1. Out of the residues in region 13-29 meeting the condition of being outside any helix (DSSP H, G or I) and touching a residue at least 24 places away in the same chain (Cβ under 8 Å), tell me which one is surrounded by the fewest Cβ atoms within 10 Å (Cβ to Cβ).
2. Answer with yes or no whether Val114 is assigned to a strand (DSSP E or B) and touching a Lys or Arg at 6+ places or on another chain (Cβ under 6 Å).
3. Listed residues Gly128, Gly37; which is small (Gly, Ala, Ser), loosely packed, with under 12 Cβ neighbours inside 10 Å and in the same structural domain as Asp12 (by TED's automatic domain parsing)?
Amino acid sequence: MKYLHTMIRVKDLDASLAFYCDALGLQEIRRVDHEKGRFTLVFLAASNDVARAIEEKAPLIELTYNWDPEEYTGGRNFGHLAYRVDDIYETCQRLMDHGVEIARPPRDGYMAFVRSPDLISIELLQSGDPKPPKEPWSTMPNIGSW
């Protein structure tokens, strides 16, 4: 398992970048605007992690700026932790064997979400290419939210 990023929703992207980059000293690694989804993702890295962040896309802070105004309550501004795993199916099965519900199953062989006992969302991403779809995952429904 490898730590990838932590996602934080922000209300004011300019103010957030002034804080995280200018004040805290993080560096912007990449930015992606999603026109259809109406949001921007900005990935930041600590100065000692820049080379690794560029090469491996980790470890990073992901600032998510939704273009339409939204009031964040109940911790909604903190999105999720993300980890790359060697085998998403084995990882999800091990979690289920420990009584963890798979909130978003890896139907695509690439991405799944689970929640901690404190309801923190954790994204699991398959290392390398997605695995071929496989049961029971490919037809398993989503549970709750993540």
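The values are calculated or read from the model by the stated rules, or taken from the named source; none is laboratory data. Because the structure is a prediction, the values reported are computed rather than measured. Don't worry about glycine lacking a Cβ; one is built from the backbone with ideal geometry, like all the others, and counts go over all protein chains shown.
1. Keep residues of region 13-29 that are outside any helix (DSSP H, G or I), which gives 24-29.
So of that shortlist, the ones also touching a residue at least 24 places away in the same chain (Cβ under 8 Å) come out as 26, 29.
Numbers: Leu26: 22, Ile29: 16.
Only one residue fits best here, namely Ile29.
2. no
3. Working: Gly128 fails: in the same structural domain as Asp12 (by TED's automatic domain parsing).
None of the other options fit; the residue is Gly37.
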